[in-house]
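Here is the structure we will look at, set down as structure tokens.
The values are calculated or read from the model by the stated rules, or taken from the named source; none is laboratory data. Because the structure is predicted, anything quoted here is derived from the model rather than measured. Neighbour counts are summed over all protein chains in view; Cβ atoms, including those assigned to glycine, are modelled from backbone coordinates with ideal geometry. SASA here: full protein model, heavy atoms, side chains in, ligands and nucleic acids out. Shrake-Rupley method; radii C 1.70, N 1.55, O 1.52, S 1.80 Å.
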Amino acid sequence: MSFGMDQQAALAAMKGHGFTGQQDEIERWNTACARWRITFHKADSDRWSRPAVKCYFVEGVGLTCVLVDGLRGPQVTHRGIRLIGRVPSELSEEMEAYAMAQGIGVRFNREADMLHDGLEQAIERGAQRAGDTVVTWALFFNLGEIAGTSWDIAPTEVWHHG
């Protein structure tokens, strides 16, 4: 998948990886611009269960955000670091070690999750309950020319994921 692709291309790409999708129109950030969400489940799972991946599209722009669930989503790595389904403190430790080894800075997002320089422009991470513990989820996004931050481009429901 790539940012900017349309809904049909995303459905086809995910089908090739064993996912089925359900498309819905969602909130509009202005009356002239429609937005859509496609929720993806593994083909063999119950479609009423928690989705593995949610993709968000903006009319005239295409795919802008991909939310990967910490419990059901596929594993995604960035620079060799596994991002999905991790204990948040363990992921933070690994990210800090990577940043130190590379001599790059460390930052924190609005929820106090650690990111290293260069990562915060394309990825936000968060945590969700997994029984008696929490695990990490990730939002991948492309601001393009329509947003200044991930909070501007991602629908409100993303920030309540969990």
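Can you name the residue in segment 13-61 that is assigned to a strand (DSSP E or B), open to solvent by less than 40 Å² (accessible area, probe 1.4 Å) and over 15 Å from Met1 (Cβ atoms) and is also modelled with the highest pLDDT among such residues?
This residue is His41.
I need the full set of residues from segment 106-133 which are modelled with pLDDT of 80 or more, in contact with a strand residue (DSSP E or B) (Cβ under 9 Å, 6 or more places away or on another chain) and assigned to a loop (DSSP other than H, G, I, E, B), in order please.
Residues of segment 106-133 that are modelled with pLDDT of 80 or more, as a first pass: 122-133.
Still in the list and also in contact with a strand residue (DSSP E or B) (Cβ under 9 Å, 6 or more places away or on another chain): 122-129.
Hit for segment 106-133 is Ala122, nothing else.
For the structure I just gave you, tell me whether Glu94 is in a helix (DSSP H, G or I), in contact with a strand residue (DSSP E or B) (Cβ under 8 Å, 6 or more places away or on another chain) and at pLDDT 90 or above. Please lay out each step first, then the result.
Numbers: in a helix (DSSP H, G or I): yes; in contact with a strand residue (DSSP E or B) (Cβ under 8 Å, 6 or more places away or on another chain): yes; at pLDDT 90 or above: yes.
Yes, satisfied.
Restricting attention to segment 125-162, and to residues there that are charged (D, E, K, R) and in contact (Cβ under 8 Å) with a residue 12 or more places away in the chain, which single residue is nearest to Thr39 (Cα to Cα)?
Within segment 125-162, the match that is nearest to Thr39 (Cα to Cα) is Glu157.
Residues are listed down the side, and each one gets a yes or a no for (1) under 20 Å from Glu145 (Cα atoms); (2) touching a Ser or Thr at 6+ places or on another chain (Cβ under 7 Å):
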position	(1), (2)
Gly16	no, no
Arg35	yes, no
His41	no, yes
Glu59	yes, no
Cys65	yes, no
Leu71	no, no
Arg82	no, no
Gly85	no, yes
